[in-house]
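Throughout, read-outs are computed from the coordinates displayed, never taken from laboratory work. Nothing here was measured: the structure is a model prediction, and the numbers come from that model. We place every Cβ from the backbone using ideal geometry, glycine too, and count neighbours over all the protein chains shown.
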Amino acid sequence: MKKIVFIILLLCSAMGWSQDAFAKAESLFNSEQYEAAKPIYKSLLQDNKKDPIILRRLGDIESHAQRYKKAFPYYKRLLDLDSTNADYHFLYGGTLGLHAKESSKLEALGYLDDIKFHLKKAANLDANHVEARWALVQLYCELPGIVGGSLRTSRKYADELLKISPVDGHLAQGYIEEYDKEYRAAEKCYKKAIEIGGSLTTYKKLASLYEKKTKEYLKALITLQDAYAAHKESSLLDEISRLKKDHDLVGD
């Protein structure tokens, strides 16, 4: 009897430690102390090898640190647990894509079919998956035609984005036009995104187009000033100051 009681107490103690450790790891993760949270999650994973939250956290930690080769095996394990989860397909395919960008051309080609499959699967499983469609827009823009790159396919996913999220749709269309060096068309798309959404990202995309592509520095300055007027984001003041200094601009 004493032995049974001892075992029960031991199990309860272990469960209590596990719960405390998980709570601590979550607290560190949520406060963006990712590297401090990592060893706790890894320790917890030893006794919870199929816990989707722990696997997701470890994958996200490695992704945040741009250690993509270490990240995608965690996402693959999530897929093995649930192959119908659109987010898992997106995380796996997206991380494979980021790793491929850092690899040799030959190695990257070896990942290409899997990248396409999992990003498309995410989009097919979730008709409203914005991130998967954005990834497909970028993928088909950047791929050479010889391995399946296609602006037409990229535009198809941008059109889907437009129906799900008009701001993302216009930004995606602007991205494609900018990639295709159709800068006036890109300008119209970014302006439409500002008109509809007005997020900081929309202003920054237009300002970047003016500064880096069309070399219309005064327009870039005015756009950043408009962004500051709308959002009061202090980092914009540094960007405005840099732009003035780099291009000898005068403005309020």
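At-a-glance table
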item: Burial ranking of peptide ranges 236-248, 48-60, 76-88 (average Cβ count within 10 Å, highest at the top); result: 48-60, 76-88, 236-248
item: Mean Cα-pair separation over length for the chain, i.e. relative contact order, pairs under 8 Å, 6 or more apart, %; result: 7
item: Length added when fully stretched, residue 248-residue 19, from 0.36 nm per residue minus Cα-Cα; result: 76.6 nm
item: Principal axis box of the range 204-252, alpha-carbon based, largest edge first, Å; result: 26, 20, 14
item: Residue with peak Gaussian network fluctuation, the chain [Cα springs, cutoff 10 Å], from 62, 102, 177; result: 102
item: Of the DSSP H helices in the chain, those whose Cα atoms cover at least 15 Å axially and whose Kyte score averages 0.0 or more; result: 2-30, 130-142, 217-231
item: Neighbour-count order for 167, 137, fewest beta carbons within 10 angstrom listed first; result: 167, 137
item: Listed pairs 204/232; 69/101; 49/105; 105/205; 204/245; 204/244 exceeding 23 Å between Cα atoms; result: 49/105; 105/205
item: Where a label projected 7 Å from the Cα of residue 65 along Cα→Cβ would reach, residues of the range 25-51 with amide N under 14 Å; result: 29, 33-43
item: Relative contact order (%) - criterion: Cα under 8 Å, at least six apart; region: the range 127-197; result: 25
item: Convex hull per residue volume in Å³, alpha carbons only, for the chain; result: 168
item: The range 124-252: Cα Rg divided by the 2.2 N^0.38 Å rule of thumb; result: 1.14
item: Gain upon complete extension [residue 80, residue 101; 0.36 nm per residue less C-alpha separation]; result: 5.1 nm
item: Relative contact order for the range 85-135, counting Cα pairs under 8 Å that sit 6 or more residues apart, in percent; result: 47
item: Calculated SAXS-style log₁₀ I(q)/I(0) at q = 0.12, 0.18, 0.19 Å⁻¹ - the range 18-126, Debye, Cα scatterers; result: -0.43, -0.87, -0.94
